[in-house]
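Report on one structure; see the data block that follows.
We did not get these values from a lab; they are worked out from the coordinates using the rules stated. Not measured: the values here are computed from a predicted model. Cβ placement follows ideal geometry from the backbone for every residue including glycine, while neighbour counts extend to all protein chains displayed.
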Amino acid sequence: MLIATEKKQERDALANFILNGESVNIDAEPEMPLLWAVREKAGLVGTKFGCGIAQCGACTMHLDGQPVRSCSTPVSMAEGREVTTIEGIGGVDGMMSAVQQAWISEQVPQCGYCQSGQIMSATALLRDNPSPSDDDIDAAMKGNICRCGTYTRIRRAIKVASGQLEPRSEEEA
Amino acid sequence: MNDLTPGEKERSKLAKWSRRGFIGAGVLAGGGLLIGIGVRPGNPIGKLAPKVAGGAGEQLVNSWVKIDTNNIITAIVPHCEMGQGAHSVLAQMLADELDADWDKVRVQQAPTDGSYVVTDTARMFVAPFTMNAADWIEPTWNGLFTQVARMADAMLTGGSSSIRTTGQHSMRIAGAAARGMLVGAAADEWGVPAGEITTENSTLFHKASGKSASYAEFATAAADQPMDQTPALKTPDQYKLMGKSKARTDIPAKINGTAEFGIDAVPEGLDLSYAAIVRPPVPGTSVVSMDSARAKSMKGVLQILNMETFVAVVADSYWQAQQAANTIGIEWSKSASPIKTMDDQYAAFAAALDEAGETGGEEAAKKGDAQSTLGSAAKTIKAEYKAPYLAHSPMEPINCTAHVADGKCDIWASTQVPLMARSGVAETLGFDAENVTVHHPYLGGAFGRRLGVDEMTLAARVAQATGYPVKVIWSREEDTQKALYRCADMARMRAGLDGDGKLVAFDHVFTQRHDPAEACVPAIYNIANTSVRHAPADLHLPFQAWRSVDHSQQGFFIESFIDEAAHEAGADPLEYRMEMLKGSPRHVAVLKKVREISDWGGETPKGHAKGVAMVESFGTIVAEVIEVDMTSGKPKLVNAWAVCDAGYVMNPDGFRNQIEGGIVFGLTAAMYGELELVDGAIKQSNFHDYKMLRMDETPNIEVAIINSGDVPVGGAGEPGLPPAAPAFANAIYAATGKRLRTLPIAKQFA
């Protein structure tokens, strides 16, 4: 039944980039998608695999500040550049970013699996557009699928994070 | 408040958690109290331990609360957290009865152990909706159902059941009983009557003497107190946490990347390899031959396994494994199924319906004489409806990590049924269940897909073959095309209207009946003559319960056809339903409220129209109004309003989030959901052709709650879904006069 038998170890080429502010050297062949290099080789698993074909946005990271679908971005494209993941967008000492705080006040997540990607897309949107309209939100967020259907809460959280809406308190919820 | 489920910081802790370590003494290491619900009166928890381990007269413990010396209270929750918020709400219910300080309450996922069968959930599946709360906690019944649950390995999460079964009948009792034991211990120590002791914020008070103490101070002594098996529970006016929108405890970890899902498992000390799999494109077929020459030579590839019913490629990374798997040429055996296309499938349904005719098939419900009333009715209408196969498509792809060594197997998986996974894996490997350990972190969505154990048994076989730990990840394509599905179905309905247009006879025949059994019956309406018949027909694709199960297609069939009857009668569809709800005040109130919040009958912009539908499912009544904009010639969803009566909602914001999700899930299926067959294999493969509703396509959603009280608490996860598709289709009819009797909708306006 077994065709190959021995577990073999091969060394791949090294990939070098800045991951959440720290320089990393990862043992990954150049074609390997950034997603898998970061999850399996660098050991940061906050970024999720959803579809593998840049259709769902679960794997969204920032490459030099721009959102990319890391499942379809070869690690070679990150060479020497800055990669930011969900683990890298909060402040020091575990402080939450404004976007993350809004995600809490609006109680956005259900299963939570897509939310890393949602937050990375929203963070990029708000950096470039501090007061997005509904159309702006649609355009920036329609690449991120949420199967639990939290879209209306994501929209509200983006407006809270951008100061267009007041955050809800637990009593108001 | 912190959540102690696995992802937060110490991944390995749960794996090491041992039930015996706690139960053995009833007192926690370093002092503290552990309480479970013993169903045998007079059995303090410490003495239950040997019985739980097995033996004559065995009774089980089905949920737990522990109190440590720092006054931290931990609810040990037997249900999984898949996005429905059950971990938080179950803790909320326990903490309320315990008068606990919510800021010092934590949640812990119960380990995969026979002691954590969810007795009440199992009972609901056996005898649904027939018993009130008092019956539920009757000890004999509990014991019996515990046995049933244990036999069925029922540690499951599904059926919108966690709050209304485990919450209502285990967590609350555990909390109230714990409070009673703490009060008893303080009364003994202080020498005062227990009735004079009050509790608040995890503190005991005796007003007359001015004494007070934290729960922690009496936790150890409380363990020696007798446990009240039927403690008095709070009434809604006494609730402090129940009924409040407490923030969910799992959310902080889900927004900073630290929440651990099954796919994230990196077991400590294990050098993981990764596998991609190729399963048969047509169900029931197997590998005849394969050409893996190219795959074998690819970088990182460790092993290629021909397991007959699937092929696995094991590599240093998942990506390498998947790349190699994509190059393998496999010849599959011929399928015995005569069904090659959806036309074939629908022809098989039609044949079964033809055979049943106007009176045949298995009787599902009967009231009055529908057949003769149809014969004499002033007007009759009939229609044939169809619903396609659907995939569950949780965002977390199906995966399982397995390690088989020294006669033992460890499994890490996102699953709704950890105990069934344990037995399934044990059976597959020929092991005793005791030698299989199932670790189950958060689920990245489930919707019924994770009620199966296919990915666990498959991964166990791979890990047994390799001898080293392997994480098996299914590509999105594998899960879309080769998994388990919401069934397709076809229904024929007839309605008889009297001279006033009143619906006096209803006949309904369909081919698929799974759960809940009552989903096919329009029982909420007062129709004098009803006949509901099931004409079974074979499915080409394997069935798996899909969010709201039979209600997902039956809601569309029945509520669309009721709409047809209303239009045939020349009546307003909402008022037509209202007329049929006389004598059902809860339903009337729900429909009135949705009429109000949706401004039903009010002005709408040109090209816009509203549709209504109402379904009671999983104990909750939900009416929805959907507003569509047809000005472009294609349907655009504008607004959705839902009104729900679940009796009493434990966490309103969490409940609303579930209903919002159910609506989006239902509208997604209605707009796009469809799996087609090509030569017996599924055509759609990933999100580009199996589309999901996205941010820009999702309507505004408003959810209102009615707490009618004094009825068994209803569910949240599923009931929002069934009215969504018919309300959407009914809105399109209102806008265009085009009646949609098949789904999905978008392609009918392409």
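Key figures
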| read-out | value |
| --- | --- |
| Mean projection area, nm², convex hull over Cα of the stretch A:55-101 | 3.9 |
| Amide hydrogen neighbours beyond the local backbone of B:Ile398, cut-off 5 Å, H modeled | B:Trp474 |
| 3J(HN,Hα) from dihedral phi, the stretch B:394-405, Karplus parametrisation 6.51/-1.76/1.60, rounded to Hz, x for glycine, proline | x, 5, 7, x, 5, 7, 7, 9, 9, 9, 10, 7 |
| Total charge dipole magnitude, the stretch B:230-366, about the Cα centre, Cβ charges on Lys, Arg, Asp, Glu only, Debye to nearest 20 | 740 |
| Considering only the protein assembly as shown, percent of DSSP beta bridges that pair antiparallel, nearest 5 | 75 |
| Pairwise FRET efficiency - A:Glu170 versus B:Lys606, Cβ, R0 = 45 Å, nearest 0.05 | 0.60 |
| Stokes-Einstein D (µm²/s) once Rh is taken as the Kirkwood radius of the stretch B:307-371 over alpha-carbon pairs, at 4 °C in 1.567 mPa s | 76 |
| For the stretch B:181-197, 3J(HN,Hα) per residue [Karplus equation, 6.51 cos²θ - 1.76 cosθ + 1.60, θ = phi - 60°, Hz, x = Gly/Pro] | 5, 5, 4, x, 5, 5, 4, 4, 5, 7, x, 10, x, 4, x, 8, 8 |
| Euclidean distance of C-alpha centroids, the stretch A:139-173 and the stretch A:37-94, integer Å | 22 |
| Dipole in debye (nearest 20) - the protein assembly as shown, about Cα centre, beta carbon charges: Lys, Arg +1; Asp, Glu -1 | 360 |
| Where Rh is the Kirkwood radius over Cα pairs, Rg/Rh for the stretch B:626-719 | 1.09 |
| Spherically averaged projected area in nm², based on the convex hull that wraps the Cα atoms of the protein assembly as shown | 38.0 |
| Chain A, helix-only ellipticity at 222 nm - DSSP H runs n ≥ 4, -39,500 (n - 2.57), divided by all residues, nearest 500 | -7000 deg cm²/dmol |
| In order through the stretch B:633-650: 3J(HN,Hα) via Karplus (6.51 cos²θ - 1.76 cosθ + 1.60), integer Hz, x for Gly, Pro | x, 10, x, 10, 7, 10, 9, 9, 10, 10, 10, 10, 10, 9, x, 8, 9, 6 |
| Student exercise, the stretch A:1-145 dipole from Lys, Arg, Asp, Glu Cβ charges, in Debye to nearest 20 | 360 |
| Loop-located trypsin sites (Lys or Arg not before Pro) in the stretch B:594-649, at most 12 other Cβ atoms within 10 Å (DSSP) | B:Lys606 |
| Amide H contacts of B:Ala365 (H built 1.01 Å from N, under 5 Å, at least 5 apart or other chain) | B:Val532 |
| For the stretch A:92-161, projected area of the alpha-carbon convex hull averaged over all directions, nm² | 4.5 |
| Sorted peptide list for B:740-750, B:447-457, B:624-634, criterion being average Cβ within 10 angstrom, highest first | B:447-457, B:624-634, B:740-750 |
| Qualifying lysines (Cα of each under 23 Å from Cα of A:Lys41; at least 8 residues distant if same chain) | A:Lys7, A:Lys8, B:Lys9, B:Lys254, B:Lys296, B:Lys299, B:Lys471 |
| Values of log10 I(q)/I(0), in the order q = 0.14, 0.20 Å⁻¹, for chain A under a Debye, Cα-only, solvent-free model | -0.74, -1.30 |
| A:Met96 long-range amide H proximity, modeled H, under 5 Å | A:Gly91 |
